[in-house]
Amino acid sequence: MQKLVFLTGAGISAESGITTFRDSGGLWEKYPVMKVASIEGYEADPSLVIQFYNERRRQLAGVQPNDAHHLVAALEDRYEVTVVTQNVDDLHERTGSSHIIHLHGELMKATSTYRPNDPEQVVTLPSHDADIKMGDRARDGSQLRPFIVWFGEAVPMIEPAADAVQQADILVIIGTSLNVYPAAGLIHYARPGCRIFLIDPKPANVAESLGVHIIAKGASEGMKELCELLK
Ligand code: OAD
């Protein structure tokens, strides 16, 4: 079976009703990114940051995966699929994708303030009443924090993601402004001969030399077109 790797960003979840970050009206217009999504912000005001992610988690509980997530999962019938996502939502999981690499963490998980990347410390939050509160403790006794990779932190999953992209026969990038590194650099791991597609209504600039096939549509319509092209 051919290897098909998806690299997804906030745009794939936009049609489910989750706000993107950098579009107009995006999250980073409303909240100062360095206050709510950086390690410095968390150290300065943990309560504000915990509250910000509690709100994101509550929003996630009220939305459903869209056609694009479903079509990504359905392609497992024909390809060996790996989903590399920058999203912290669980919409790929909910449609049954089986190999998912979360580069920026997972909203439905929490971890230790002292050792955020220690697997022993990572816990799954309940689907109801999933708020983290000040005073909630991780296993090591530190304040429980969202399992999110913040600006200023290491991205431990970048290596398995780069390995997957390196082995891909087909790479499909969906709904990302390709602004945030190291995720944005993954495209350069594609080997010569790998077919690359980019689905986004406002596609980011990518080097012409990569020969990217651009599908300038929303995620669901774009995925339908991709499925036709791959037939
Ligand atoms: P951005 O908000 O930067 O980019 C969203 C992309 O989705 C843009 O290119 C939009 O054109 C596109 N888009 C909007 N609606 C779409 C639709 N219906 N279908 C397809 N695409 C659509 O989001 P990301 O690139 O995912 O990290 O942001 C990367 C990282 O920056 C996030 O993971 C987050 C953020 O700061 C952290 O918080 C650590």
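Observations on the model:
- Condition check for GLY222: small (Gly, Ala, Ser) and either closer than 22 Å to ILE158 by Cα or buried (at least 20 other Cβ atoms within 10 Å of the Cβ) (or both): yes
- Test: residue in the range 77-92 that is part of a helix (DSSP H, G or I) and either basic (Lys, Arg) or within 14 Å of the ligand (Cβ to nearest atom) (or both): yes
- Contact map, the range 2-30: residues that are closer than 30 Å to ASP169 by Cβ paired with residues that are outside any loop (DSSP other than H, G, I, E, B) and polar (S, T, N, Q), Cβ distance under 6 Å, separation 6+ or inter-chain. Pairs shown: LYS3/GLN167; VAL5/THR82; THR8/THR85; GLU15/SER220.
- The helices (runs of 4 or more DSSP H) falling completely within the range 1-61 include none with 3 or more residues that are within 11 Å of the ligand (Cβ to nearest atom) and β-branched (Val, Ile, Thr).
- When HIS99, HIS69, HIS104 are checked against the criterion of being within 12 Å of the ligand (Cβ to nearest atom), within 14 Å of LEU7 (Cα to Cα) and touching a Ser or Thr at 6+ places or on another chain (Cβ under 6 Å), a single residue qualifies: HIS69.
- In the range 149-165, residue nearest to CYS194 (Cα to Cα) [restricted to those that are charged (D, E, K, R) and without any contact (Cβ under 8 Å) to a residue 60 or more places away in the chain]: ASP163
- Scanning the range 1-46 for residues that are polar (S, T, N, Q) and either open to solvent by 60 Å² or more (accessible area, probe 1.4 Å) or closer than 23 Å to LEU91 by Cα (or both) yields GLN2, THR8, SER13, SER16, THR19, THR20, SER24.
- The set of residues in the range 166-181 being buried (at least 23 other Cβ atoms within 10 Å of the Cβ) and either under 15 Å from GLN86 (Cβ atoms) or free of Cβ contacts under 8 Å to residues at least 12 places away in the same chain (or both) consists of LEU171, VAL172, ILE173, ILE174, GLY175, THR176.
- Against the conditions (1) open to solvent by 30 Å² or more (accessible area, probe 1.4 Å); (2) under 17 Å from VAL84 (Cα atoms); (3) of a type outside the set (S, T, N, Q), LEU186 satisfies every one except (1).
The values are calculated or read from the model by the stated rules, or taken from the named source; none is laboratory data. Keep in mind the model is a prediction, meaning the values are calculated, not measured. Neighbour counts are summed over all protein chains in view; Cβ atoms, including those assigned to glycine, are modelled from backbone coordinates with ideal geometry. Side chains are part of the model used for accessible areas, which takes the heavy atoms of the whole protein and leaves out ligands, DNA and RNA. Shrake-Rupley method; radii C 1.70, N 1.55, O 1.52, S 1.80 Å.
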